[in-house]
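S.K.: Pasting a structure below so you can have a look.
The values are calculated or read from the model by the stated rules, or taken from the named source; none is laboratory data. Here the structure is a predicted model, which means the values were calculated and not measured. Cβ sites come from the backbone with ideal geometry, for glycine too, and all protein chains shown count toward neighbours. Accessible surface is based on the protein model in full, side chains and every heavy atom, while ligands, DNA and RNA are left aside. Shrake-Rupley method; radii C 1.70, N 1.55, O 1.52, S 1.80 Å.
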Amino acid sequence: MEQLDNVNTHLQAVLNKVDRDRAAEINKLKDEEQRLLDHLRDFEIEKENAAAENGTLNVSDDDLIEINVGGKIIAAKRGTLCQWEGTRLEALFSGRWDKKLVRDNNGRIFLDLNGDCFQIIVDYMNELTISSEEDPPEYPIVNEELEEQFQYQLQLLGLNDPVAILGSEIIKKFSHGYTIHGWLNDTSTCIKELIYCSSRNGLSAEAFHQNCDQRGPTLTVIETTAGDVAGAYNNDAYWSPYGGRHAQANKAFLFALSGFGISSPCKMELKDKDNKRAIEYNSDFGPAFGGRDGDWDYDEEEEKHDLIVAGSTLTLNTGIAYEQGPASMTNNKAYAIKRIEVFSVSNSEPIHLDPRKRKHYSRSAKNPPAVDRFTKEVNEAINEKWKSLSVLEAQISSFEESFADEQSFIDSLSMANGETSDIITLNVSGTMMTTNRATLMVAEDSVLAQQFDDTKWTEQGNSNSPKVKEWTSDDVTNWVKSIEGIPDSVASLFWENEINGLELLDLDRDGLKDMGVKRVGTICLLLDEIKSLKVNQDVMTLIEHSPYCFGKILDYLRLKRLHSINLLAEKPALPSFSEDKRAMFETVVRYYFPGESSKLILNERKSAPPSGFSFGGVELYPPSNGFGRPSPLQAQGPRPIFGHAAAPAPSFAFGIDPRGAVFD
């Protein structure tokens, strides 16, 4: 009996300890949950205080936002611009920072960027508004000359990360990453990691198989020395049988992203999903896809592949087992390989192609230590709660990092755009361009910088009279009285409502009616006069040069300016231009950047250009097609932009300058 009592006592003590341990663990969970919720609440209060101090309260998705982007006036609803949550673009137009944003003389938000590229982004957002989440719009394809500027804007506005293919030296265009992920989504897979890179592991069949065999489904991307980009998806696993073996791979496909004479990416699927020669595995060469389905007897035609990598050569003959691609990918066309990358893919959750469905978390949740002291069910419940709290902590950290980046971005962007008084409107042979004075002064020794330095430049539109937006209510009333056909009774309405200059520029038909202006003719006359005031707010500086050439220079200086204040991580590539504009472009460059530095830039280089050289006192870098990739023109051979043999001045027939010609 005594033994039983002792056992019961011991059992009760153990149960009591388990209960205490379990209660202690539950209390730890509760304390951690409360700590995180308090942290989240404090963070939300910090955001609200920042918005109250720097932004506009009670904003609406229906607010109309007008933006002056490098002289191009763009209008969109706030909700349209803020669909991509968690990005810098969303932060910029969220209303949280309205008081910090630089505005032009007409009160529009000013961005010193290429307006055509920004319009492409807004067009995509407009299309996104009317598209379902299940069928989002295709990402825009940008013409070659705008591609670099477009990529830089995506980087600046935080729009290029969600579908970026991390680690790739080949796939840098956002649109290409978008396309690849879309194709993989069709196979219910997504990219996991880079497992083979020829520039790192070596360009050989041995290196390929050492890194890729038995790694499951893979995506191969191949760049030629001419800049063409092709590749293939294998839903099977590579291996290296002696003598080679063919295999089925019912989801395999080939593709071309750029080059090969195509204007947009194309995909070539298997003609027959049951083809037993979808893939060939062979230790003697790298990836090999397709071939004629038949017996194993040797036949020259049978040995052809749709795509095969042998040594440093890519050979293409699409149309055998796979759908036929463009002409330059048929007839055993051979290409020298620059680099190959192979990515493993997994069956994890696919990348959302609709940005509205993406989660923007910069931190991954840590795996907390597993609890195993209690029953299986209790352990599982407690561990699940710890994991959820770990996820919440990672999300809060991501929110804080994102908000800190948002603040830094807005502050830096405001500094880059300067004050309203530093915004310069240029009339470039009839084309309006708007920029910041600091942008024009990036190259300090240039003629352009000297034209707008403090000793020679005065604020545009500066005069003894205040600007319209600075008018008092008395100034506004006197202006209304001066308009022919407007009765004094209407002018009195402006005085009674104490309308100042800034309010005057914002008046519309409804506003005039609310003030008490009733006659339709009077309203129309006032609106026309107010419109004239808005137009006259911008006093333009005349630039008598080609808008095409000057715009190229201005876009480059904008990027240099953004890079100098750490808003762009990548050093901007020199501008590309149309070959038929070469002589004119170089003439404009020589005009604004004369002297020895110009000669260094414009002298023809017989070999590859150095890593950096001077341009008006600013260090420049060899041409590339954005993020370190060679431009199509560079791929044809060394042909530096802003770098060519000194050519004679542009002339007409027989090389005669018309200014010196005599006409009867």
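S.K.: Limiting things to C-alpha atoms, what are the Rg and the maximum Cα-Cα separation (Dmax) for segment 182-293, in angstroms?
M.R.: Final numbers for Rg and Dmax: 13.9, 40 Å.
S.K.: So between L64 and D474, what do we pick up on full extension, going 0.36 nm a residue minus the alpha carbon distance?
M.R.: 144.7 nm
S.K.: Could you tell me the convex hull volume per residue, in Å³, taken over the Cα atoms of segment 16-100?
M.R.: So the per-residue Cα hull volume is 120 Å³.
S.K.: Return the sequence-ordered ³J(HN,Hα) values of segment 418-425 in whole Hz as given by the Karplus equation 6.51 cos²θ - 1.76 cosθ + 1.60 applied to θ = phi - 60°, using x for Gly and Pro.
M.R.: Along segment 418-425, the couplings run x, 8, 4, 5, 8, 7, 10, 9 Hz.
S.K.: How do 519-529, 434-444, 64-74 rank on mean C-beta neighbours within 10 Å, highest first?
M.R.: Per-residue Cβ counts within 10 Å, averaged per peptide and sorted highest first, yield 434-444, 64-74, 519-529.
S.K.: Among 153-159, 212-218, what's the highest-first ranking by average C-beta atoms within 10 angstrom per residue?
M.R.: Ranking the peptides 153-159, 212-218 by packing returns 153-159, 212-218.
S.K.: Still on this structure, please answer the following. Give the peptides 321-334, 6-19 in descending order of average Cβ contacts within 10 Å, highest first.
M.R.: Values: 321-334: 17.0, 6-19: 10.4.
Taking the mean over residues of other Cβ atoms within 10 Å, the ranking is 321-334, 6-19.
S.K.: While we're looking at this one, here's another question. At a probe size of 1.4 Å, how large is the accessible area of Y548, to the nearest 10 Å²?
M.R.: Solvent-accessible area, nearest 10 Å²: 60 Å².
S.K.: Can you flag which of K47/K571; K172/K338; K552/K581; K338/K560; K77/K99; K17/K376 are past 22 Å Cα-Cα?
M.R.: Exceeds cut-off: K47/K571; K338/K560.
S.K.: Also, quick follow-up: Quick check: with the 1.4 Å probe, what order do D306, D508, D445 take by accessible area, largest first?
M.R.: Heavy-atom accessible area, descending, gives D445, D508, D306.
S.K.: How far apart, in nanometres, would the label points at I195 and M584 be if each is projected 7 angstrom from Cα along the Cα-to-Cβ direction?
M.R.: Here the answer is 5.3 nm between the modelled labels.
S.K.: Report, by chain and number, residues whose modeled amide H sits under 5 Å from the one on L113, excluding near sequence neighbours (fewer than 5 apart, same chain).
M.R.: Result for L113 returns G70.
S.K.: Additional query: Be a star and scan segment 190-219 for residues whose amide nitrogen sits under 14 Å from the point 7 Å along the Cα-to-Cβ vector of S312.
M.R.: 198-200, 202-205
S.K.: List the equivalent ellipsoid semi-axes of segment 77-139 in whole Å, largest first, each obtained as the square root of 5λ for an eigenvalue λ of the Cα gyration tensor.
M.R.: Values for segment 77-139, descending: 24, 14, 9 Å.
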